[in-house]
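Written below as structure tokens is the structure these notes are about.
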Amino acid sequence: MQQETNHSTEQALHNYKVGIGTFSEKLPRLTETFNTFTEACFEEGSISKKDKQLIALGISVVAQDEYCMIYHTKGCLDNGATEQEILEACGVSAAFGGGAAMSQSVTLVQECMQELKRQTH
């Protein structure tokens, strides 16, 4: 099972990059505007980049957006979030999203986090 998870997380990140590239070719202005807006949203400010990634992860869990869950789990780790901080953010999202949010937290987010942590070691 762990092999499949490794492949699926890497594949999901790759698929997103390919997809955004293709979309950008077809709608360059829209993609550039969206990317500029998103980058501004995640800049360091009164709220740290790490905390912004934790917020985004929580929202993705409630929204049941698997690509965003993977992307923002990676963003959390890349910005120094601990496993405990990530799981607590998922716990808060479960308070709002119920069982569906909890099921994503205990499966996809944990699997993704473990794979991404292995890649950096």
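Remarks
- The slack in the chain from residue 10 to residue 66, taken as 0.36 nm per residue of separation less the alpha-carbon distance, amounts to 18.9 nm.
- 23 Å Cα cut-off, lysine pairs counted over the chain (separation 8 or more, or different chains): 13
- Computed over the chain: relative contact order in percent, which uses C-alpha pairs under 8 Å that are six or more apart: 28 percent
- When you filter the GluC sites (Glu not before Pro) in the stretch 53-85 for DSSP loop state and at most 14 other Cβ atoms inside 10 Å of their Cβ, nothing is left.
- Cα gyration tensor category, rounded, prolate or oblate, for the stretch 1-95 with a/c compared to 1.5: oblate
Laboratory data are not the source of any read-out in this text; all were calculated from the coordinates shown. Just so we're clear, the structure is a prediction, and the values are computed from it rather than from any experiment. We place every Cβ from the backbone using ideal geometry, glycine too, and count neighbours over all the protein chains shown.
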